[in-house]
1. If you take every residue apart from A:Leu216 with its C-beta less than 13 Å away from the C-beta of A:Leu216, what net charge results, scoring Lys and Arg +1 and Asp and Glu -1?
2. Once amide H atoms are placed 1.01 Å from N in the peptide plane, what residues at a sequence separation of 5 or more from A:Gly277, or on another chain, have their amide H within under 5 Å of its amide H?
3. Taking only protein heavy atoms into account and a 1.4 Å probe, give the accessible area per residue of segment A:156-300 in Å².
4. Please build a GNM for chain B, connecting alpha carbons under 10 Å apart, and tell me which residue among B:Lys17, B:Lys61, B:Lys44 fluctuates the most.
5. Go ahead and estimate [θ] at 222 nm for chain A from helices alone: -39,500 (n - 2.57) per DSSP H run with n ≥ 4, summed, over the residue count, rounded to 500.
6. Determine the share of segment A:17-148's accessible area contributed by carbon and sulfur atoms, expressed in whole percent, with a 1.4 angstrom probe.
7. Using the Karplus curve 6.51 cos²θ - 1.76 cosθ + 1.60 with θ = phi - 60°, work out ³J(HN,Hα) for each residue of segment A:108-122 in order, rounded to whole Hz, and write x for Gly and Pro.
8. Across segment B:130-136, in residue order, what do the Karplus-derived ³J(HN,Hα) couplings come to in whole Hz, using 6.51 cos²θ - 1.76 cosθ + 1.60 with θ = phi - 60° and x for Gly and Pro?
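The values are calculated or read from the model by the stated rules, or taken from the named source; none is laboratory data. Bear in mind the structure is a predicted one, so any value in this text is a computation, not a measurement. Cβ sites come from the backbone with ideal geometry, for glycine too, and all protein chains shown count toward neighbours. Protein only, heavy atoms only, side chains kept; ligands, DNA and RNA dropped before computing areas. Shrake-Rupley method; radii C 1.70, N 1.55, O 1.52, S 1.80 Å.
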Amino acid sequence: MTITAAPQAPPDRGLRYFARQQTPWSWVTLGVGILALMALFVGAGAILTAYGWTQKCPPGSKAAECTTTTPLVEGLLSPELGALAVAVIGVGAVAAVLALLRSRSVPNKQAREAAIAGAVIGIQAAVLAGVLLWFRGSNVEVFARNFLDVRLLREFFPRFVSGAKNTLILSVLGAALGFFLGLVLALFTLSKRAVIRAPARLYINFFRGTPLIWQLSFAGLGVVTALRLGFFSGTGGPYKVAIAVLGLNLAAYSAEVYRAGIQSLERGQIEAARSLGLSYLQSMRFVIVPQAIRRVIPPLTNEFVILIKDTSLVIVLGLAFFQKELLGVGRDIYNSTFNATAWLGSAAGYLIITLPMIRLVTYLERRLRSGLTSVVG
Amino acid sequence: MSEPIVRLQGINKWFGKLHVLRDVNLDIYPREVLVLIGPSGSGKSTLLRTINLLEEPTEGKVFFEGQELTDIHTDLNAARTRMGMVFQQFNLFPHRTVTGNITLALQKVLKLRAEAARQRALQQLGHVGLADKAGAWPSQLSGGQQQRVAIARALAMEPVLMLFDEVTSALDPELVNEVLLVMQRLASEGMTMVVVTHEMGFAREVGTRLIFMDQGAIIEEGDPRAIFANPQQERTKSFLSQVL
C-alpha cells in the first residue's frame with residue numbers, strides 16, 4: 001500500500017458545481033419561487049410608476065380639490081395591482097407545493113437546498129403580496145397623504161441635507177471629545193490607587209446611570225445659565241452644550257470599552273515593557289494603549305453609531321433654525337405641514353449615515369478576528 | 001570572591017495566604033550561570049521575578065549592584081535597564097516589527113537616536129542569527145525565532161545580568177535547541193545568568209551552580225554535575241528520579 005504524499009487541489013465546490021448537481025425538478029422549484037418575488041417587485045413598481053407617484057397641485061389649493069398623492073392612491077387601489085398580488089400568492093404557493101412533492105426523492109444535498117430556497121422565496125413573496133392586499137383594504141388614501149408624500153421630501157430636501165450636516169457635526173465633534181476623554185478615564189479606572197479610581201468610577205456610573213436626555217436638559221437649561229459659562233451662551237450656546245454633553249456621555253461608555261480592551265491584553269506585555277526599564281506611563285503609551293486601541297476599534301465604531309442616533313436627543317435644547325439636526329428638521333417640517341412623511345425623511349437620513357458605519361463594524365471585526373495583528377500598521 | 005551582583009536577603013512572599021517564598025537568602029556573583037530547578041509551584045519563577053522586582057517581596061531586601069531595590073528611593077527603572085529578562089511566552093510587542101521591538105527601549109529609555117538604536121538592533125539580531133528578519137512582524141515568526149528576538153531585545157540594553165524564566169517551555173520540541181544554543185553561547189561569553197528551566201541537560205552542561213527549590217525554599221545548592229550525580233536531600237533525589 002502506498003500513500004500519495006503529493007498535495008492535491010481541493011475539489012471544486014463552487015457555483016458551477018452547485019449548478020451541475022441540480023435536477024429539472026429543483027431548477028423549476030427555484031425558478032418559480034424567484035419568479036414570484038421578482039413579479040411582485042417589478043410588477044408593483046411598474047404599475048405604480050404607470051399611475052404616477054405624485055402630482056403637482058396649484059399653490060393654495062385645498063385638499064378636497066387636489067392632493068399630491070392622488071396618482072399613488074389610484075395606483076395602489078388599481079385592479080391591476082390587486083390581480084398581480086393574487087397571482088403572486090398563487091405562484092408562490094406553486095413553488096412551495098413543488099418543493100413538497102418531490103422532497104423524498106431528492107438525489108443530493110445541493111438539489112435539496114435549491115428546492116428549499118425556491119419554496120422559501122415563494123412563500124416570502126406570497127406573504128408580502130398578502131400584506132399588500134390587506135393594505136389595499138385599509139384607508140390607503142389617508143395613509144398615502146400622510147406618509148408617502150414624495151413631493152414633500154423633494155420640496156424640503158435642502159433642509160434635510162442641512163439636518164444631516166448638523167447630525168454629522170454633532171456626532172463627529174462629540175466623538176472626538178468622548179473618545180479622548182474616555183481613554184483618560186479608562187486609565188484612571190485601572191490605576192492601583194483608589195483615590196484615582198474612585199472619582200473616575202463615580203463619573204462613569206453617573207453618566208451611564210442617568211438618561212442622556214436628562215443630562216442634555218440639565219446642562220442646557222440649568223447648569224450653563226446658573227454657572228454663567230460665557231462660552232456656552234449666545235446663539236451658538238445650545239449647540240456647544242450639545243457637543244459637550246454628548247462627548248461627556250460618550251466618554252463614560254467608551255471608557256468601559258477601552259478598559260475591557262486594555263484588560264484583554266496579556267499581563268506579559270506590561271511585564272516585558274517594565275523589565276526593559278520603561279516607566280508605567282511609557283509602557284502604557286508605547287505598548288499597552290496602541291494594542292488596546294486596535295482591539296477596541298470595532299466596539300468604538302459601534303458606540304459611534306449609537307452616538308449618531310443619540311444626537312436626535314438634542315431636540316430638547318431648542319437649537320436655532322440653521323443648527324437643527326435630522327430629527328429636529330423632521331419635526332419642524334411636520335409641525336408646519338402636518339404631514340408625517342417628514343419623519344420618514346429623517347429616518348432615511350439616519351440610515352444613509354449609519355448603514356455604512358454598521359458595514360464598517362462588521363468588516364473590521366472580521367478583519368481583526370482573522371488574526372492579522374498588524375492590521376492597522 | 002568578588003562582590004555579588006545580586007543579593008537576596010531574608011525574602012518571604014505570600015500570595016494571599018499562600019506562602020510562596022520562605023526565608024530565601026541568595027547571592028549571585030559575576031559570570032555565574034545559576035540554574036533554578038524544582039517542581040511546579042516550588043516558587044522558582046517567583047524568586048526569579050523578585051530579582052528585578054516584577055514581584056515585590058512581602059519581607060526581605062533585594063540588592064542589585066550594591067543598591068537596595070526594595071528601598072523606595074531607588075530608581076527601579078534605571079536598575080531594570082541593566083537586567084535583561086526573557087519570558088516563557090516571549091512577550092514580543094505584536095504591534096511593532098522585530099526591529100521596533102528592540103529599538104523601543106533603546107530610544108525611550110536609553111535615549112539613543114533612531115539610527116543608533118537601529119544599528120544596535122541589527123547587530124543583536126545578527127548575534128541570534130535573525131538578521132534577515134529585521135523587518136518582519138512577530139506573528140510571522142516561529143516560536144523559536146520569537147524567543148531569540150526576545151533575547152536580542154534584552155541584550156540590546158547591554159545588561160550585566162540576564163534572567164530566563166522557563167524560556168523553552170512554550171516551544172515545540174524541535175525549536176528548543178536553537179534557543180538553548182544562543183543561551184549557551186551567551187554563557188560562554190561570560191554573561192551572568194539566572195535560568196529557571198526544565199531542561200536538565202542544559203542545567204548540567206551550562207550551569208555553574210544549581211539550586212533545587214521546593215515549597216518556596218532552597219532545598220539544595222551546589223555544583224550541577226555533583227547534584228545530578230549524587231543528590232544529598234531526599235526531595236532532590238525523588239524530583240531528579242522523576243525528571244531524568
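1. Details: positive: A:Lys240; negative: A:Asp310, A:Glu325.
Net charge around A:Leu216: -1.
2. Result for A:Gly277 returns nothing.
3. Values: 6850 Å² over 145 residues.
On a per-residue basis, segment A:156-300 sits at 47 Å².
4. Checking each option, the largest mean-square fluctuation is seen for B:Lys17.
5. Numbers: 16 runs with 265 residues, N = 377.
Taking each H run of at least 4 residues, the total per residue is -23500 deg cm²/dmol.
6. Working: 5230 of 7380 Å².
Taking all protein chains in place, segment A:17-148 shows 71 percent carbon and sulfur surface.
7. Using θ = phi - 60°, the values come out as 8, 4, 5, 5, 5, 4, 5, 5, 4, 4, x, 5, 5, 4, x Hz.
8. Those phi angles translate into 10, 4, 6, 9, 3, x, 6 Hz.
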